[in-house]
Amino acid sequence: MGERHIVALGGGGFSDGDPLLDDYILSLTGKACPRVVFVPTASGDAAASIERFYAAFTQRECRPTHLSLFQLPYPAIGEILASHDVVYVGGGSAANMLAIWRLHGLDEVLRRAWERGVVLAGVSAGALGWFQAGVTDALGPELAPWRDGLGLLPGSFCPHYDKEAGRRPAYHRFVRERRLPTGYAADDLVGLHFEGTELVEVVASREGPAAYRVEAEGDAVSETRLEPRVLGPKREEP
């Protein structure tokens with residue numbers, strides 16, 4: 001079994017023109033020119049998402065490709081993931097994503113890739129999918145608890161914690177009511193790096209945003225701020 005890495009982004013990365021978090025993900029491979037495969041299932045393999053990925057990663061020292069599950073002919077999924085160093089999952093609908101993954105057996109292929117040491121990364125829904133559960137807007141017009149993730153990481157996750165006003169109170173309520181297990185939240189531009197199932201580092205592409213540990217305590221809920229390491233040079237005050 002290789003060294004297992006997962007990076008869960010609350011938001012940011014190439015989809016927001018943010019290179020620092022993507023560079024951090026690539027650095028975890030320890031390779032000068034890692035092979036990166038983008039999995040845009042959550043967006044329905046949206047062309048715009050795929051184009052943004054290539055626009056960003058063709059500018060880096062890496063070999064990018066993508067995996068489509070919506071267009072024939074379907075690829076040899078196991079062979080593709082076995083030959084790459086990073087699997088990067090995009091945002092969209094976590095619920096739809098997991099349904100499609102399970103239909104094609106990608107859920108088990110990803111688990112085996114993780115156990116071999118392939119770096120797994122994802123943003124928004126692509127991050128939520130690594131956990132057991134989390135907060136999603138993929139089930140209807142309201143934020144809802146969702147408990148059908150891959151479960152590589154225990155507990156729950158809430159992305160976009162600072163971007164959408166309803167995220168924090170909804171996550172607190174779901175955890176307090178035991179509709180979601182204890183877990184983590186991440187602001188946009190923040191990544192949580194797990195080795196195995198242990199959180200080893202929180203990183204951010206600028207100062208200000210953070211990650212949080214959210215836990216039920218009796219009839220209440222507690223939130224602990226996890227200060228990130230800011231990637232790149234610090235900005236000087238004007």
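Odds and ends about this structure:
- Helical contribution to [θ] at 222 nm, DSSP H n ≥ 4, -39,500 (n - 2.57), averaged over the chain, rounded to 500: -7500 deg cm²/dmol
- Contact order normalised by residue count of the stretch 1-155, Cα under 8 Å, 6+ apart, percent: 29
- Net +/- balance of residues flanking residue 177 in space, Cβ distance below 14 Å, scoring K and R +1, D and E -1: +2
- Taking max minus min of the alpha-carbon positions on each principal axis, the chain gives extents of 50, 48, 36 Å, largest first.
- With both labels modelled 7 Å from their Cα along Cα-to-Cβ, the residue 165 to residue 27 distance reads 3.7 nm.
- Dipole-positive endmost among 105, 92, 185 within the chain (Cβ charges, Cα centre): 105
- Taking 174, 194, 70 as the candidate residues, the one with maximal mean-square fluctuation in a Gaussian network model of the chain, Cα springs under 10 Å, is 70.
- Top of 75, 154, 228 by mean-square fluctuation, Gaussian network on the chain, Cα under 10 Å: 75
- Total charge dipole magnitude, the stretch 133-238, about the Cα centre, Cβ charges on Lys, Arg, Asp, Glu only, Debye to nearest 20: 140
- Over all projection directions, the Cα-based convex hull of the stretch 147-199 averages an area of 3.8 nm².
- Near the amide H of residue 89, within less than 5 Å, lie the amide hydrogens of 39, 121, 122, 123, all on another chain or at least 5 residues away, with H placed in the peptide plane.
- Gyration tensor (Cα) of the stretch 134-238, equivalent ellipsoid semi-axes in angstrom: 25, 16, 13
- Kirkwood Rh in Å, taken over the stretch 1-110 so that all alpha-carbon pairs contribute: 14.4
- Within the chain, percent of DSSP bridges classed antiparallel, to nearest 5: 50
- Full extension of the chain between residue 76 and residue 47 gives 8.4 nm of extra length, using 0.36 nm per residue less the Cα-Cα distance.
- Virtual spin-label span in nm between residue 111 and residue 65, 7 Å along Cα→Cβ: 2.5
Bear in mind these aren't lab numbers, they're just calculated from the coordinates by the rules spelled out. Computed from a prediction, not measured in an experiment: that's the story for all the values here. So basically every Cβ, Gly included, is an ideal-geometry build from the backbone, and we count neighbours across all protein chains shown.
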